[in-house]
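The values are calculated or read from the model by the stated rules, or taken from the named source; none is laboratory data. It should be emphasised that the depicted structure is a prediction, and the values quoted were computed from it without experimental measurement. No Cβ is skipped: glycine too gets one built from the backbone with ideal geometry, and neighbour counts run over all protein chains shown.
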Amino acid sequence: TPVQNDLDEFYAMV
Amino acid sequence: MFEARLTKGELIKKVIEALKDLVTEANFDISATGIQLQAMDSSHVSLCALQMKAEGFDHFRCDRSMPLGINLSSMSKVLKCCNKDDIVTLKAEDDGDSINFMFESKDQDKISDFELKLMDIDSEHFGIPDTDYKATVTMSASEFTRICNDLSILGETVAISVGKDGVRFSVSGEMGTGNMTVRDNTSSDTKEADRVEIDMEEPVNLNFALRYLKSFAKAAPLTDRVSLCLSRDVPLLVKYEIPEFGSLSYYLAPKIDD
């Protein structure tokens, strides 16, 4: 089953 | 002083309906160019980005850029008092702690006003890199809503694959499996609203949680068209352009095979 990624891996807070 | 007046007040109502499932409270960043909002849902799986251009309003004045922290469920309750054809005016003082909503009926025979307390919300701004998406599908917004709702009876995860035959949405669950394929129909006589345009540089196949896509689809009443932008291993962009007003974009992290 695929596992949900979160967005923090992709978008850093600026 | 901030003041914005919108004859098509219903748009504000629709925007909030399209956000409130995912975001409970957020800063509306107001400036001379318009209103922006960026917020992740509480589990940091999806991000909403709203843009409302100053020119999209009938009157827009913002003397000082500032964030207006608002609880969206309270705002949605206030907007329930706004009728379909009402003119909406939003007002806030520069150093005030509230925002004022005024709803005027088209014939000016009923005027309501509400005041909501503003909240201090930690600003969250994320750097979303410019992405050269490998596949972009533009289709009817209501058709996309239908696909998400229909497939969610079978499972929680949808595989979206864009290939030369079109875009396929597949779900499998305990009950069974389901597939819906939508093909590019730009070469036929299909009416504008039902057009499916597929722009693909390379095939893409990604998994996403249907629950979030169903929440994004709440933006469909805002516009006729939706774009899905995909690239391998990057978040999906689901974009609703609102003609002459702005846009509402959603980003969703993919599900990755364990």
### Message
Please go through the stretch B:234-258 and give me each residue that is within 13 Å of chain A (Cβ to nearest Cβ), in contact (Cβ under 8 Å) with a residue 60 or more places away in the chain and of a type in the set (D, E, K, R), ordered by number.
### Response
B:255
### Query
Within the stretch B:177-190, which residues are modelled with pLDDT under 95 and over 26 Å from the mean Cα position of the chain (by Cα)?
B:187, B:188, B:189
### Query
For residue B:168, which of the numbered conditions (1) without any contact (Cβ under 8 Å) to a residue 24 or more places away in the chain; (2) closer than 30 Å to residue B:38 by Cβ; (3) surrounded by 13 or more Cβ atoms within 10 Å (Cβ to Cβ) fails to hold?
(2)
### Summary
Taking the stretch B:8-30 and keeping only residues that are touching a Phe, Trp or Tyr at 6+ places or on another chain (Cβ under 7 Å) and either of a type in the set (A, V, I, L, M) or assigned to a helix (DSSP H, G or I) (or both), one is left with B:11, B:30
### Task
Starting from the stretch B:105-128, take each residue that is within 14 Å of chain A (Cβ to nearest Cβ) and list its partners that are exposed (fewer than 13 other Cβ atoms within 10 Å of the Cβ) and in a loop (DSSP other than H, G, I, E, B), counting only C-beta distances under 6 angstrom and pairs at least six apart or across chains.
B:125/A:14; B:127/A:12; B:127/A:14
### Task
Show the residue pairs that are 6+ apart or on different chains and have beta-carbon atoms under 9 Å apart, the first residue being within the stretch B:37-55 and over 13 Å from residue B:216 (Cα atoms) and among the hydroxyl-bearing types (Ser, Thr, Tyr), the second being outside any strand (DSSP E or B) and at pLDDT 95 or above.
B:42/B:22; B:42/B:23; B:42/B:24
### Task
Please tell me if residue B:162 is farther than 13 Å from residue B:135 by Cα and either within 14 Å of chain A (Cβ to nearest Cβ) or not in a helix (DSSP H, G or I) (or both).
no
